[in-house]
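The values are calculated or read from the model by the stated rules, or taken from the named source; none is laboratory data. All values derive from a computational prediction rather than experimental measurement. Note that each Cβ is placed from the backbone with ideal geometry, even for glycine, and that neighbours are counted across all protein chains shown. Surface areas here come from the heavy atoms of the whole protein model, side chains and all, with no ligands, DNA or RNA. Shrake-Rupley method; radii C 1.70, N 1.55, O 1.52, S 1.80 Å.
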Amino acid sequence: PRREAQGPVAGQDYPRTYREFVRTFRDDEACGRYLERLRWPGQFVCPACGERSEPWRASRGRLVCSACQEHVRVGAGTIFDKTRTPLTTWFEAAWHVTTAKNGMSAKTLERTLGTSYRVAWTILQRYRVAMVRAERGPLLGQVEVDETLVGGVEHGGKRGRGTSKNVVVIAVEVKQPKGFGRVRMRHVPDASATSLLPFVCDVVTPGALVLTDGWGGYNDLPEHGYRHRRTVLSESGDPAHVAMPGVHRIASLLKRWILGTHQGSVTPEHLQSYLEEFTFRFNRRTSRSRGLVCRRLLEQAVATNPLTEAAVTHGYQWG
């Protein structure tokens, strides 16, 4: 006999197709119930008194603690806090941003959701903040590190590391015998050791083998507990993309994504947000289901502190 297909709640707890997504999250109440399960997977925990209990359910989707009678909204204390945008719109934005192969620009999201540009842009910016998991682990093993330049066409100015374009430093795990693991990226003010060494210390575990080119900004890595292998490109005889294939592949994909999906219109104050979205997407490229990636984003959204519109308008202040 044919087995009955399990729904996202009874089975994998996430929709696998857009049709299933629309059917599951048909209204704000269904979205709120899903956020409740993500935020309190075992049992409801009152944010006010810390009591674990089955809450009472009041009107307008509020939960009432049976111990202290505190009224709690499921989105309170998350990026959904005090939002006037329906949860169905937030959920649909999460689905499209994570399931579209190259993501979505705010303009495309505006047309898809049927909202104003400002609403689409703000949702996208808040989700980009949520894409950074606070407890994500540092990179391991062999890690390539190098910088790339991101920005528009510039004529008559300096070239290379002395340019006025945006400097992005990239670190990527290199697998053996081939392949790449996770990636980290950061927009830095310049390519000096003052900017590069803190990035490596933040994203690479001590004791790892760090592979760089001959740039002097990385010379003090051994003093910070790293093994360091330098490849002076002018002496190696190999082009940069052969000597250090990982960071050059990532840099190429990043620039193609910015030019294609976002038409190159990325301002310096918001560049780090775009880098975090690219990192989130790249590090989950092997996920067996786009619906699972959407669930991961919503999980991180309910674990992210509230964000005001002012906090993202002129560029989020990343830790």
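Tabulated data for the structure shown
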| read-out | value |
| --- | --- |
| Check on Leu297, open to solvent by 40 Å² or more (accessible area, probe 1.4 Å) and assigned to a helix (DSSP H, G or I) | no |
| Tally, over the range 34-59, of residues that are closer than 29 Å to Glu92 by Cα and free of Cβ contacts under 8 Å to residues at least 12 places away in the same chain | 8 |
| Check on Ser273, among the polar types (S, T, N, Q) and buried (at least 20 other Cβ atoms within 10 Å of the Cβ) | yes |
| Residues within the range 49-91 that are among the small types (Gly, Ala, Ser), more than 25 Å from Gln125 (Cα to Cα) and surrounded by 13 or more Cβ atoms within 10 Å (Cβ to Cβ), tallied | 4 |
| Where a residue in the range 69-86 is of a type in the set (Val, Ile, Thr) and its partner, wherever it lies, is assigned to a strand (DSSP E or B) and modelled with pLDDT under 95, with Cβ under 9 Å and at least six apart | Val72/Arg62; Val72/Leu63; Val72/Val64; Val74/Arg62; Val74/Leu63 |
| Within the range 101-153, tally of residues that are under 19 Å from Phe180 (Cβ atoms), among the polar types (S, T, N, Q) and out of contact with any helix residue (DSSP H, G or I) (no Cβ under 6 Å at 6 or more places or on another chain) | 1 |
| Qualifying residue in the range 167-175 (condition: of a type outside the set (Val, Ile, Thr), modelled with pLDDT of 90 or more, touching a helix residue (DSSP H, G or I) at 6+ places or on another chain (Cβ under 7 Å) and surrounded by 14 or more Cβ atoms within 10 Å (Cβ to Cβ)) | yes |
| Residue in the range 233-247 that is at pLDDT below 95, loosely packed, with under 13 Cβ neighbours inside 10 Å and polar (S, T, N, Q) present | yes |
| Residues that are of a type outside the set (D, E, K, R), outside any helix (DSSP H, G or I) and surrounded by 14 or more Cβ atoms within 10 Å (Cβ to Cβ), drawn from the range 93-139 | Ala100, Gly103, Met104, Ser105, Thr115, Met131, Val132, Pro138, Leu139 |
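Let's see how each residue does on (1) within 16 Å of the chain's Cα centre (by Cα); (2) at pLDDT 95 or above; (3) assigned to a helix (DSSP H, G or I):
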residue	(1), (2), (3)
Asp81	no, no, no
Phe91	no, yes, yes
Val143	no, yes, no
Gly157	no, no, no
